[in-house]
Amino acid sequence: MRVTEKFCREQESLQIAKAANETLKNRKDIALGAAKAWDAAAQLAHKQESKLEPLDKLDAEITREFAEEEAAGIDLSEPPEGDEV
């Protein structure tokens, strides 16, 4: 199971909050280090998630197709002649 960017950001925020409330320097440094690691994980998760969005590619293809049809002067709001409903 892959971790999501959202999950990583939540964990990063928890570690930052933990560091802010910590009185011992060593434990504060550990929490800040963990937050930095979660940030790196979030960036990697973002890259992976952006590759896994086929609907965005499909939407872009459909939009491009409509733009090409519009540029060619094809009117899809009216049925072609002979296709009376």
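The values are calculated or read from the model by the stated rules, or taken from the named source; none is laboratory data. Everything numeric here is computed off the predicted structure, so don't read it as measured data. Note that we place each Cβ from the backbone using ideal geometry, even for glycine, and neighbour counts take in every protein chain shown.
So here's what we get for this one:
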| read-out | value |
| --- | --- |
| Qualifying residue in segment 13-24 (condition: out of contact with any Gly (no Cβ under 6 Å at 6 or more places or on another chain), modelled with pLDDT under 95 and in a helix (DSSP H, G or I)) | no |
| Residue in segment 62-82 that is modelled with pLDDT under 65, in a helix (DSSP H, G or I), at negative phi and loosely packed, with under 10 Cβ neighbours inside 10 Å present | no |
| Any pair with Cβ under 7 angstrom, 6 or more apart, that starts in segment 13-35 at a residue that is of a type outside the set (K, R) and ends at one that is surrounded by 14 or more Cβ atoms within 10 Å (Cβ to Cβ) and assigned to a loop (DSSP other than H, G, I, E, B) | A31/E22 |
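Let's see how each residue does on (1) surrounded by 12 or more Cβ atoms within 10 Å (Cβ to Cβ); (2) within 22 Å of the chain's Cα centre (by Cα):
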| residue | (1), (2) |
| --- | --- |
| S13 | yes, yes |
| A17 | yes, no |
| A20 | no, no |
| T23 | no, no |
| L32 | yes, no |
| A41 | yes, yes |
| S50 | no, yes |
